[in-house]
Every structure is written in structure tokens, then in C-alpha cells.
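Trainee: If you scroll down you'll find the structure; I have some questions about it.
The values are calculated or read from the model by the stated rules, or taken from the named source; none is laboratory data. Not measured: the values here are computed from a predicted model. Note: ideal-geometry Cβ built from the backbone for every residue, glycine included; neighbour counts use all protein chains shown. For the accessible areas, the whole protein counts, side chains as well, though only heavy atoms, and no ligand, DNA or RNA atoms are used. Shrake-Rupley method; radii C 1.70, N 1.55, O 1.52, S 1.80 Å.
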Amino acid sequence: MKEEIKTYAIGKSVTSGLELELQYMPSFFSNRGKNPMQPHAHKFYQIIWFKRGHGMHYVDFTAYPVSDNTLFFIAPNQIHTFDGAKDYEGVIIQFNANFLADEQSSESIFLKYNVFNAYDALPYYKVSNDEAKRLDAIVRDMQRELSLVGAFAHSDYMQSLVHLFLIRMQRSGERKDHSPLYVTSNAHCTFVRFRQLIEQYFRMKHTVSEYADMLNVSTRSLTNYVGQCSCQSPLQMINERIVLEAKRMLQHSPMSIKEIAHTLGFNDPSYFVKLFKRLAGEMPSTFRNKQSQYMKQKIAVPTSNETLFPHFGKAPQVTIYDVDNKQVTGKNILTSPEHAHGAMPRFLHEQGVTDVVCGGLGAGAVKLLDELHINVHGGAPAIATDELISLFLADKLEYGDATCHHDACDGKHEHHHA
């Protein structure tokens with residue numbers, strides 16, 4: 001039975017009544033009440049500003065690179081987690097929905113459904129050093145205002161600072177995969193309102209014509225507007241949002257596939273299954289089982305001086321990483337067994353290893369590892385093992401020839417993911 005994912009909330013401040021928090025990295029990762037290294041969601045909005053540091057941030061089943069001055073915008077119910085790095089420097093701003101409650105103006109809709117809730121775009125922006133200074137000044141104003149409990153219009157002032165921060169992102173933030181959208185463009189405004197309606201109705205309305213009617217435009221006009229602003233069609237945006245929610249529920253909910261289909265507005269579960277398979281490339285049951293397999297792993301890397309050793313059976317050491325839901329939770333460097341036929345695979349089996357990431361290895365080793373139910377990922381580059389594992393877990397590792405050219409090895413093995 002799957003365990004419900006943890007969903008965190010913000011309570012009102014006893015003194016000010018505000019529903020806003022500022023936290024700072026790296027001290028954020030020491031919060032004993034919450035574990036950001038495990039997948040989780042929020043009932044609130046969250047801005048994660050990585051001022052300095054490099055790594056990966058996982059949002060809704062995708063790994064995104066973190067570098068200096070990267071800002072992630074996480075909406076309520078998005079599932080995300082950090083990569084385990086503790087050397088990030090930055091600030092986290094989190095606030096409840098009442099800070100973005102006004103959806104009457106086009107400007108407010110842009111802030112809520114273009115900066116946040118933009119599921120057809122990357123969930124992060126990059127900013128220049130000059131813009132970072134301007135944003136930092138706003139954060140300092142937030143910090144000062146938080147201490148002015150009882151001051152005139154305290155809540156209004158804080159809400160204005162949050163809006164000012166988001167306005168600066170709308171104006172100056174760079175989103176790699178999308179051109180800027182402008183509130184002065186009728187096509188852009190209609191597109192952002194379409195995003196808004198998808199978020200509100202994707203469980204009930206599945207056709208382009210239903211959304212076009214709500215927007216008071218023709219389906220052709222809506223298709224043209226979306227084409228100007230996105231690489232997806234209106235129907236693709238609707239379906240992708242449905243499948244994203246299905247993936248969340250498959251991984252983190254105990255509901256059956258039939259129950260998930262019904263929750264997402266499908267009276268015929270078989271139609272939902274066909275849609276999921278077409279967009280996700282696999283059956284819902286396969287996706288759920290695969291995600292469960294990735295929850296806990298022991299990944300071994302043949303090592304020398306904390307770098308992958310290219311010859312599997314001759315490595316002087318083995319580095320074993322404990323991984324939970326694609327997050328490294330432990331690391332152990334062991335001395336390899338004395339070189340002998342089958343010694344290394346049996347040694348790894350005794351350690352409970354589930355996966356091997358290696359360079360070259362012979363056919364005999366491949367066969368024995370397979371018999372021991374250890375997945376082999378051969379042809380990996382001879383780079384630092386921590387970087388290797390980070391790339392492997394993010395599905396970004398580039399593989400080469402897995403043929404072992406050492407005298408003690410023979411045969412070939414092509415890389416595969418089990």
C-alpha cells in the first residue's frame with residue numbers, strides 16, 4: 001500500500017496574522033520538522049532562490065539543473081525534492097494563496113499562471129547579477145517588515161512586496177524554453193487565462209471547445225493564440241496536465257487505476273489508460289511499478305581515488321550509494337574482494353546491491369550479475385563518482401562502449417536500464 005505524500009502547510013503568525021515565511025539556505029535543510037530531501041508538496045506557494053550552488057532540483061518527475069541565481073517557482077500540490085546537496089546558499093519565500101487571491105486583473109492572472117502554474121514551461125527562471133541585487137533588496141525589505149508587527153497596513157505591505165518580487169520576475173526573469181509574454185497582447189492574455197482554466201477544470205473538462213467557450217473565443221482562435229505562446233497545442237496542454245496529475249497519484253496515492261481515472265473525470269477507465277500510455281509511453285501500472293522500484297536502490301561503482309575505475313573486475317575499491325526515490329541517503333567505500341572469477345558480482349550481491357554503474361566488463365560478469373538480479377549500466381565515463389551518480393539519477397549520464405579491453409575480461413555488453 002502506497003503511503004500518502006507529505007503535504008506541508010503554513011500557519012498564521014500568532015503575532016502578525018501573516019501567512020508568510022522567509023527561510024535561508026543552508027540552514028533550511030536542518031529543519032527537524034520537515035524533510036526536504038524526501039518528495040513532498042505544499043498547500044502554499046514557494047519561491048526557491050538558489051543564489052549560489054550547483055546540483056539538481058526534482059520537480060514533478062523531472063530533474064532540473066541548479067546553478068547560481070536560479071529561481072524555482074513551486075505552486076501548491078507540485079511535488080518536488082532536493083538532491084541532498086547542503087552547500088546551497090539562498091532564500092526561500094513561502095506564502096499562502098491569499099497573497100495571490102486577486103484574479104480580477106490581467107496582471108494578477110499573469111503572476112499566478114505565468115510565473116507559477118505554468119506546466120507547459122520550465123519551473124524556473126534565471127536572473128542576471130544586476131537583477132539579483134534588485135531582488136535581494138526586496139527580500140531585505142520583507143525581512144525588515146516581518147519584524148514590524150502591529151505597523152500600519154502590515155499585511156498589505158507584505159503582500160505588495162511579494163507582488164513586487166513577482167513583477168520583477170515577469171519583467172526580467174529569463175525562462176530558457178519560452179519567449180516573454182506580455183499583458184498588452186490579447187493573444188498572450190488569452191493564453192495565460194487558458195492556463196488558469198486548465199488548472200481549475202482539468203479534472204472535469206477535457207476538450208478544447210469547452211475551454212474556448214469559457215474564454216469566449218473560437219477553437220481556431222484559441223489554437224492560434226496557444227501556438228504563438230507555446231510549443232504545444234491546446235489539446236496537448238490539457239492532456240499533459242491530466243497525465244501529470246495521474247503520475248502524481250500513481251506514485252504517491254494508494255488509489256487504484258480505476259479510482260484515479262474516475263477522479264480525473266473518465267467514466268471509461270480504458271480510455272484513460274490509452275491516453276496515459278500514448279503520452280507517457282507506458283501503461284499506468286508499469287509506471288507505478290517502475291517508480292516503486294526506483295524508491296530504494298543500492299548502486300555500486302567500481303572505484304579508484306573516488307573516480308570510476310574503467311575495468312569492473314580489477315577496481316581496487318567499490319563505492320556503494322544508498323538511494324531512496326532517486327536521492328542519495330548514504331555512501332560507503334569498500335575494498336574490493338581479491339580478484340577471482342565471479343568474485344566481484346558475488347561480493348556486490350552480499351552487500352545487497354541492486355544496480356552497477358561501470359565502464360567496461362566482460363560477458364561472464366554480465367551473465368552472473370543478471371543471474372544475481374543486479375541491473376547493469378555499462379559504458380559509463382571515468383569521472384568522479386559523486387558526479388557520476390548525480391547524472392545517473394537525473395537520467396543525464398552519457399554512455400560509451402561497454403566492452404572491457406582488459407586482459408582479464410572478455411565479451412561485450414550494451415547498456416540497458418532494467
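Trainee: Quick one: in region 101-120, which of the residues that are free of Cβ contacts under 8 Å to residues at least 60 places away in the same chain and open to solvent by 10 Å² or more (accessible area, probe 1.4 Å) is nearest to LEU20 (Cα to Cα)?
Mentor: Only one residue fits best here, namely ALA101.
Trainee: So how many residues does region 165-180 have that are at pLDDT 90 or above and either over 30 Å from PHE191 (Cα atoms) or open to solvent by 80 Å² or more (accessible area, probe 1.4 Å) (or both)?
Mentor: 2
Trainee: Over 23 Å from the mean Cα position of the chain (by Cα), open to solvent by less than 30 Å² (accessible area, probe 1.4 Å), under 18 Å from TYR119 (Cα atoms) and of a type outside the set (Ser, Thr, Tyr): is that true of VAL192 in this structure?
Mentor: no
Trainee: Restricting to region 121-154, name every residue that is open to solvent by 20 Å² or more (accessible area, probe 1.4 Å) and among the hydroxyl-bearing types (Ser, Thr, Tyr).
Mentor: TYR124, SER128, SER147
Trainee: Looking for whichever is at pLDDT 80 or above and either assigned to a loop (DSSP other than H, G, I, E, B) or touching a helix residue (DSSP H, G or I) at 6+ places or on another chain (Cβ under 7 Å) (or both) here; the options are GLU398, GLU414. Which one fits?
Mentor: Of GLU398, GLU414, the one residue that is at pLDDT 80 or above and either assigned to a loop (DSSP other than H, G, I, E, B) or touching a helix residue (DSSP H, G or I) at 6+ places or on another chain (Cβ under 7 Å) (or both) is GLU398.
Yes/no matrix, rows are residues, columns are (1) among the aliphatic types (A, V, I, L, M); (2) surrounded by 21 or more Cβ atoms within 10 Å (Cβ to Cβ):
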position: PRO39; (1), (2): no, yes
position: LYS43; (1), (2): no, no
position: GLN46; (1), (2): no, yes
position: LYS51; (1), (2): no, no
position: ASP60; (1), (2): no, no
position: ALA63; (1), (2): yes, no
position: LEU71; (1), (2): yes, yes
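Trainee: Would you check which residues across region 35-77 are assigned to a loop (DSSP other than H, G, I, E, B) and of a type in the set (A, V, I, L, M) and list them? Spell out the reasoning first.
Mentor: Taking region 35-77 and keeping what is assigned to a loop (DSSP other than H, G, I, E, B), we get 35-39, 43-44, 53-54, 60-61, 67-69, 75-77.
Within region 35-77, MET37, ALA75 qualify.
Trainee: Separate question: Inside region 354-387, can you point out the residues that are assigned to a loop (DSSP other than H, G, I, E, B), of a type in the set (A, V, I, L, M) and modelled with pLDDT under 90?
Mentor: LEU372, ILE374
Trainee: Let me ask something additional. Could you list, in sequence order, the residues of region 295-309 that are at pLDDT below 90 and open to solvent by 50 Å² or more (accessible area, probe 1.4 Å)?
Mentor: As a first pass, look at region 295-309 and keep what is at pLDDT below 90: 295-298.
Residues satisfying the conditions are MET295, LYS296, LYS298.
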